[in-house]
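Colleague: Provided herewith is a single structure, encoded as structure tokens, for subsequent inquiry.
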Amino acid sequence: QVQLEESGGGLVQAGGSLRLSCAASGTIFSIKDMGWYRQAPGKQRELVARITSGGSSNYADPVKGRFTISRDNAKNTVFLQMNSLKPEDTAVYYCIADITPRNTRTYDYWGQGTQVTVSS
């Protein structure tokens, strides 16, 4: 059994910062890519950022230069540092991790979601 636990969401004014964390626990053989998605009311879910096990990362255009994804492999944790936040960043943010639990196939695991609200 694998579980992802998210934390760090909240309410912030435009221009402020938040840091999201997501820790994986349970039966884990290895973790490949990790990342963050978000979904705003009335909109489709979109990829925000992703990072490989080796530390290579990429970002969606709206967050480039403002958000930074990182990970701590020893703690099975991925972070999202969110700076210069805008009202359009308001959404529920979901952590995702590609995990091989027993050296077989790789599965996608999702966090429960954390609300980020940016006021203008």
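The values are calculated or read from the model by the stated rules, or taken from the named source; none is laboratory data. If you're wondering where the values come from, they're calculated on a predicted model, not measured in any experiment. Here Cβ is always computed from backbone atoms with ideal geometry, including for glycine, and neighbour counts include all displayed protein chains. Surface accessibility is based on the protein's heavy atoms, side chains included, excluding ligands, DNA and RNA. Shrake-Rupley method; radii C 1.70, N 1.55, O 1.52, S 1.80 Å.
Colleague: If I ask for residues that are touching a Gly at 6+ places or on another chain (Cβ under 7 Å) and within 17 Å of Gln13 (Cβ to Cβ), which ones from the range 62-92 would you list?
Modeller: Correct list: Ser84, Leu85.
Colleague: Does any residue of the range 47-57 turn out to be among the small types (Gly, Ala, Ser), farther than 19 Å from Val116 by Cα and at pLDDT 95 or above? Break it down into steps so the answer makes sense when it comes.
Modeller: First, the residues of the range 47-57 that are among the small types (Gly, Ala, Ser): 49, 53-57.
Filter once more, so that each one left must be farther than 19 Å from Val116 by Cα: 53-57.
Next, from what is left, pick out any that are at pLDDT 95 or above: 56-57.
Yes, some residue in the range 47-57 is among the small types (Gly, Ala, Ser), farther than 19 Å from Val116 by Cα and at pLDDT 95 or above.
Colleague: A further question follows. With (1) touching a residue at least 60 places away in the same chain (Cβ under 8 Å); (2) surrounded by 15 or more Cβ atoms within 10 Å (Cβ to Cβ); (3) hydroxyl-bearing (Ser, Thr, Tyr) as the list, and Ser21 as the residue in question, which single condition is left unmet?
Modeller: The number of the failed condition is (1).
Colleague: Test Asn76 against the criterion of being closer than 22 Å to Glu5 by Cα and open to solvent by 20 Å² or more (accessible area, probe 1.4 Å), and give yes or no. Walk me through how you get there before you give the answer.
Modeller: On the way: closer than 22 Å to Glu5 by Cα: yes; open to solvent by 20 Å² or more (accessible area, probe 1.4 Å): yes.
Yes.
Colleague: Quick one: which of Ala40, Ala74 is among the hydrophobic types (A, V, I, L, M, F, W, C) and under 14 Å from Gly113 (Cβ atoms)?
Modeller: Values: Ala74 fails: under 14 Å from Gly113 (Cβ atoms).
Ala40 is the lone residue from the list that is among the hydrophobic types (A, V, I, L, M, F, W, C) and under 14 Å from Gly113 (Cβ atoms).
Colleague: Taking Arg66, is it over 11 Å from the mean Cα position of the chain (by Cα) and open to solvent by less than 40 Å² (accessible area, probe 1.4 Å)? Walk me through it before giving the result.
Modeller: Values: over 11 Å from the mean Cα position of the chain (by Cα): yes; open to solvent by less than 40 Å² (accessible area, probe 1.4 Å): yes.
Spelling it out, Arg66 is indeed over 11 Å from the mean Cα position of the chain (by Cα) and open to solvent by less than 40 Å² (accessible area, probe 1.4 Å).
Colleague: I'd like the residue in the range 79-91 that is crowded, with 17+ Cβ neighbours inside 10 Å and under 13 Å from the mean Cα position of the chain (by Cα) and, out of all such residues, is nearest to Ser120 (Cα to Cα). Full working, then the answer.
Modeller: Keep residues of the range 79-91 that are crowded, with 17+ Cβ neighbours inside 10 Å, which gives 79-80, 82, 85, 89-91.
Going one step further and asking which of them are under 13 Å from the mean Cα position of the chain (by Cα), we end up with 79-80, 82, 91.
Working: Phe79: 25, Leu80: 21, Met82: 16, Ala91: 14 Å.
Here the residue is Ala91.
Colleague: How many of the residues in the range 20-36 are within 11 Å of Leu80 (Cα to Cα) and either in contact with a Leu (Cβ under 7 Å, 6 or more places away or on another chain) or aromatic (Phe, Trp, Tyr) (or both)?
Modeller: Total satisfying the criteria: 4.
Colleague: What are the pairs, 6+ residues apart or on separate chains, where a residue within the range 98-120 that is among the small types (Gly, Ala, Ser) has its Cβ under 6 Å from a residue that is assigned to a strand (DSSP E or B)?
Modeller: From the range 98-120, the pairs are Gly111/Leu4; Gly111/Glu6; Gly111/Cys22; Gly111/Tyr94; Gly111/Cys95; Gly113/Val92; Gly113/Tyr94; Ser119/Gln13.
Colleague: Continuing with the same structure: Being farther than 20 Å from Ser120 by Cα and open to solvent by less than 50 Å² (accessible area, probe 1.4 Å) narrows it down to one of Gly16, Gly26, Gly35, Gly10, so name that one. Before the answer, list the steps.
Modeller: Details: Gly16 fails: farther than 20 Å from Ser120 by Cα; Gly26 fails: open to solvent by less than 50 Å² (accessible area, probe 1.4 Å); Gly10 fails: farther than 20 Å from Ser120 by Cα.
None of the other options fit; the residue is Gly35.
Colleague: Let me ask something additional. Considering only the range 31-120, give the strands (runs of 3 or more DSSP E) lying wholly within it that have at least 2 residues that are of a type outside the set (Phe, Trp, Tyr). Step through it out loud before you land on a result.
Modeller: On the way: elements: 46-51, 57-59, 67-72, 77-82, 91-100, 107-110, 114-119.
Output list reads 46-51, 57-59, 67-72, 77-82, 91-100, 114-119.
Colleague: Next question. Under 7 Å between Cβ atoms, at least 6 apart or on separate chains: pull out the pairs that start in the range 44-66 with a residue that is of a type in the set (Asp, Glu) and end on any residue that is surrounded by 15 or more Cβ atoms within 10 Å (Cβ to Cβ) and part of a loop (DSSP other than H, G, I, E, B).
Modeller: So the pair list comes out as Glu46/Ala60.
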